[in-house]
Amino acid sequence: MAAAAFDTPKLKAYPVIPLVQAGAMSHLKPFAANASMQKALGFPEELVEDWQAKAIARMGELLGKYRSLQVYMDACVHCGACSDKCHYFLGTGDPKNMPVARQDLMRKIYRRYFTFAGKHFPWLVGAVDLTREVLDEWYAYYHQCSECRRCSVFCPYGIDTAEVTMAAREIMDSIGMGQKYANEIIGKVHRVGNNLGIPGPALENTLEGLEEDTEEETGLSIKFPLNVKGAEVLLITPSADFFSEPHVESLIGYAKVFHAAGISWTLSSHASEAGNFGMFIGNYEQMRNISLRVREAALELGVKRIVVGECGRVAYSFWNTLIGPFDYLDQRYPVPQHICEFTDDLIQRGALRFNKDANDDRIITFHDSCNVARASRMGNMPGGQFVIPRRIIMSVANHFHDMSPQTIHENTFCCGGGGGLLTDDLMELRVKGAMPRMEALKGVVDDHGVNFMATICAICKAQFTKVLPYYGFDMSMVGGVHQLVSKAIRLGDR
Ligand code: SF4
Ligand code: SF4
């Protein structure tokens, strides 16, 4: 690990609200998208000349289109309940990383151009002109929010800073001020079909390699099928599952589950990505274009079901609206279905058998990924997204301990790398923002000897792999739920 140009926060035994350090993170801005990245998504190639008028007009459109945004601009009473709930504030001490202050960056512009008082008496209501200085502040601090929604859980009015951040990013893209990391990735999905830009032949080679490795491990011919017409299930999984460690261990787990259950399945080279960065930049058109590839692949392959790998926010919250109706799929199954829901259902019906002792070298905890925890549901019960992954872990392993209640379920802390921030140019933010989760992890490491943190999000896995060593933990401590399934599943029982 190269020496960092910032100090890693010290972990404390219990949460402490930091002393405010004005401007502590004002220097940190992500790299800007270049002209070709912007053009590929239909955005202006650079900051347009009349950017101020265009930004205000775009804001007006969004206020009309998303009524929630208008409510969020008007409803805040500055009670402060959200102010110490953001991991980026807790990790950096920068007061502009308090959720209410982040919202106020937009609210003071909203008041200036869209309210009577702000138009005529701006000094009375904290309204300000949209200057270049304000725009630069937007670019910095709206890229220091992972859209995790933790703050909204504590707001008595349910104000959701994530939606404010999404609107700000949409406005900035529309005037030519996009972020490199997110926009470059979206361009790759449009061109190739996945975030990593893995072309079909490379994907095919990778899957063949995985078949060989898995046969060597198990002595069984476990398939990783690609583009198989007539398969029952189309699996849409994050592209990181094909290459990255520890992600690929979960992909092997999915394959073993399909094999053990005797259910035919396929991946698609056309739709080889479950993640959807259109959401991160707040742009529903991009989100829809990315999602459409899933519909096209499902129809082309003639599958009966769509199952989503360890990921899932856009699938659960938006697919039905963006690419439904799913009337061509088998209506006896949930559409879409998360791989955890799929595996849990098989476990509950006694269709899978496990040797739990195979995971005895692991003392496990579970990190609720924020987008699944606070913005989706899993299965047909309230809170299923909390119950199901834990139920799977306890079916395949003997040693499980939850982290502190204030840091799990809907109170979970973001990994620090979500919402389009998983890029090295924001490493300082990622490390500092991970601090609250690292403190909770340390609690179960110290109390119970936990040595493995399972999670069901590709971004969480990538983020933790990178930041765990900053806090003195081993990067191999993080992995997927299906990584544990893979180790314990008994394949010879069918
Ligand atoms: S959505 Fe998450 S990252 Fe954004 S302000 Fe709220 S708590 Fe912070
Ligand atoms: S908790 Fe809600 S109302 Fe209170 S300051 Fe935060 S956003 Fe405003």
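Quick look at the values:
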read-out	value
Test: residue in the stretch 371-381 that is in the same structural domain as H448 (by TED's automatic domain parsing), in contact (Cβ under 8 Å) with a residue 12 or more places away in the chain and over 28 Å from F452 (Cβ atoms)	yes
Those residues of the stretch 176-195 which are outside any helix (DSSP H, G or I) and surrounded by fewer than 22 Cβ atoms within 10 Å (Cβ to Cβ), in sequence order	G176, V192
M59 vs. criteria of a type in the set (A, V, I, L, M), crowded, with 17+ Cβ neighbours inside 10 Å and within 16 Å of ligand 1 (Cβ to nearest atom)	no
Within the stretch 73-87, considering residues that are in contact (Cβ under 8 Å) with a residue 60 or more places away in the chain and under 13 Å from A101 (Cβ atoms), the one farthest from ligand 1 (Cβ to nearest atom)	C76
Helices (runs of 4 or more DSSP H) wholly inside the stretch 71-151 containing at least 1 residues that are of a type in the set (V, I, T) and over 16 Å from M166 (Cβ atoms)	87-92, 99-114, 122-125, 132-141
Residue, surrounded by the most Cβ atoms within 10 Å (Cβ to Cβ), within the stretch 331-353, restricted to residues that are in contact with a strand residue (DSSP E or B) (Cβ under 6 Å, 6 or more places away or on another chain) and not in a helix (DSSP H, G or I)	H338
Residues of the stretch 220-240 classified as over 19 Å from G197 (Cα atoms) and part of a loop (DSSP other than H, G, I, E, B), total	11
Any hit, the stretch 272-281, residues being of a type in the set (D, E), in contact (Cβ under 8 Å) with a residue 12 or more places away in the chain and assigned to a loop (DSSP other than H, G, I, E, B)	yes
In the stretch 154-180, the residues that are among the charged types (D, E, K, R) and either within 27 Å of C79 (Cα to Cα) or within 14 Å of ligand 1 (Cβ to nearest atom) (or both)	D160, E163, R169
Subset of the stretch 37-66 [touching a Gly at 6+ places or on another chain (Cβ under 8 Å) and assigned to a helix (DSSP H, G or I)]	M37, Q38, A40, W51
Top-ranked residue of the stretch 131-153 - restricted to ones that are closer than 19 Å to M73 by Cα and among the acidic types (D, E), ranked as nearest to ligand 1 (Cβ to nearest atom)	E147
Residue within the stretch 399-406 that is in a helix (DSSP H, G or I) and either in contact with a helix residue (DSSP H, G or I) (Cβ under 6 Å, 6 or more places away or on another chain) or more than 16 Å from H247 (Cα to Cα) (or both) present	yes
Tally of residues being within 12 Å of ligand 2 (Cβ to nearest atom) and outside any helix (DSSP H, G or I) across the stretch 153-175	6
Residue that is nearest to ligand 1 (Cβ to nearest atom), among those in the stretch 88-114 that are under 21 Å from the mean Cα position of the chain (by Cα) and of a type in the set (F, W, Y)	Y88
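Yes or no, residue by residue, for (1) under 24 Å from the mean Cα position of the chain (by Cα); (2) surrounded by fewer than 18 Cβ atoms within 10 Å (Cβ to Cβ); (3) among the hydrophobic types (A, V, I, L, M, F, W, C):
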position	(1), (2), (3)
M73	no, no, yes
G80	no, yes, no
D136	no, yes, no
S152	yes, no, no
A162	yes, no, yes
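The values are calculated or read from the model by the stated rules, or taken from the named source; none is laboratory data. Remember, predicted model here, so these are calculated numbers, not experimental data. We place every Cβ from the backbone using ideal geometry, glycine too, and count neighbours over all the protein chains shown.
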